[in-house]
Amino acid sequence: MTKKYRITLLPGDGIGPEIIAVAVDVLKVVGQKCDLEFSFDEALIGGAAIDATGEPLPEATLVKCRQSDSVLLAAIGGYKWDNLPREQRPETGLLGLRAGLDLFANLRPATILPQLIDASSLKREIVEGVDIMVVRELTGGVYFGKPKGIFATETGEKRGVNTMAYTQSEIDRIAKLGFETAQKRQGRLCSVDKANVLDVSQLWRDRVIAIAKDYPDVELSHLYVDNAAMQLVRAPKQFDTIVTGNLFGDILSDAAAMLTGSIGMLPSASLSADGPGVYEPVHGSAPDIAGQDKANPLAQVLSAAMMLRYGLNEPLAATMIEEGVTKVLDAGYRTGDIMSAGMIATGCKGMGEALLKVL
Ligand code: NAD
């Protein structure tokens, strides 16, 4: 029997509409092959939502997302909205989406594809075979802790404040997901903190060690975040799964991303305990190339594959997409961001068409 899924599409800004169109075409073809029927419903977020409604995350968008099985997001933001007050900025819409859907965890794979090794800024022998998953806490830590704001001191000087805070239950929840993710991979988990300086990190480390007792099959290690950053570029193959807080995860997952050569290739999944997840590329809205048919749609397409695997439990369809991506790269198709000598230059649409052909 055909399985039916309701997908909310959030194209957002910049290259968003171009790349999400490719992902939708791919999902339709894979759906036909795997007996899955997707109904797609678009909603506004980011700058596009600001222009239409004055808000970066209209309530109607959140309602639509909550009623769907999964949310496929492209990217938000652009020069046009950069000078608005913080609460009206596109990024506020993204934070609101994460909080509104209780997306407490962000999974970001950084895998080196053999065809793209030479696109990495590191040497081949350092990056060949890299396969890392960063599990980042997403709804706590310094991005959400209170007090926050810019206040006046007694002397009238301005003072900016953010608060890095985690409760025990917030740490336990992400730590468990870290261990479970490692179990599905090579069974090694590295917890990253700054326990030598920060009290919040000491609690983080204590709780991760306590939770580890339930996962005797996972080998646990700890690194301070500064050392973790260094190790990621020195010897990235030592890592399997990394679990860390919101701020450290934001920075480390971008560093891990660059090991792979192009940010245009990297998908991500944001998961909630029981509602729909949000699947989106790691990159932003790339306003510098928007509307020029230059964007690499593969991170968005691979995000759709993550949606099938982690959100809808359709691993066969996910694998079909991932193999399709490997095949178009093997065939030599490259967008500008991953171009190298002797390959076939193509644009966003061309890459999509090549992908549909191999599928
Ligand atoms: P960016 O990721 O948009 O772009 C960085 C560079 O990578 C640019 O040169 C861009 O052209 C290139 N690039 C990105 N994605 C690409 C793709 N798919 N194919 C080819 N090249 C690609 O980051 P930025 O320039 O720092 O930010 C631009 C806007 O995006 C800002 O408004 C920022 O706030 C927003 N942003 C949004 C998200 C998100 O929606 N999750 C994430 C990061 C940045």
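The values are calculated or read from the model by the stated rules, or taken from the named source; none is laboratory data. Just so we're clear, the structure is a prediction, and the values are computed from it rather than from any experiment. As a convention, Cβ positions derive from the backbone with ideal geometry for all residues, glycine included, and neighbour counts pool all protein chains shown. Keep in mind that these areas ignore ligands, DNA and RNA; they rest on the heavy atoms of the full protein, side chains included. Shrake-Rupley method; radii C 1.70, N 1.55, O 1.52, S 1.80 Å.
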Checklist outcome for this item: In the stretch 58-84, anything within 15 Å of the ligand (Cβ to nearest atom) and either farther than 15 Å from ILE7 by Cβ or assigned by TED's automatic domain parsing to the domain that holds THR139 (or both) is listed as ALA75, ILE76, GLY77, GLY78, TYR79, LYS80, TRP81, ASP82, ASN83, LEU84
Checklist entry - Before we move on, is ASP337 among the charged types (D, E, K, R), within 12 Å of the ligand (Cβ to nearest atom), outside any loop (DSSP other than H, G, I, E, B) and touching a residue at least 12 places away in the same chain (Cβ under 8 Å)? => result yes
Item to check | For ASP51: the one exception among (1) touching a residue at least 12 places away in the same chain (Cβ under 8 Å); (2) within 16 Å of the ligand (Cβ to nearest atom) | outcome: (1)
Next on the checklist: Against the definition (assigned to a loop (DSSP other than H, G, I, E, B) and either among the charged types (D, E, K, R) or in the same structural domain as ILE126 (by TED's automatic domain parsing) (or both)), how does ASP217 come out, yes or no?
Outcome noted: yes
Checklist entry - In the list LEU259, LEU252, which residue meets the criterion of being in contact with a Pro (Cβ under 8 Å, 6 or more places away or on another chain), within 16 Å of the ligand (Cβ to nearest atom) and farther than 21 Å from TYR310 by Cα? => result LEU259
Checklist entry - Which members of the stretch 281-302 meet the condition of being more than 6 Å from the ligand (Cβ to nearest atom) and either open to solvent by less than 40 Å² (accessible area, probe 1.4 Å) or not in a loop (DSSP other than H, G, I, E, B) (or both)? => result PRO281, VAL282, ALA290, PRO297, LEU298, GLN300, VAL301, LEU302
Checklist entry - Restricting attention to the stretch 41-48, does a residue exist that is within 15 Å of the ligand (Cβ to nearest atom) and either surrounded by fewer than 20 Cβ atoms within 10 Å (Cβ to Cβ) or of a type outside the set (Gly, Ala, Ser) (or both)? => result yes
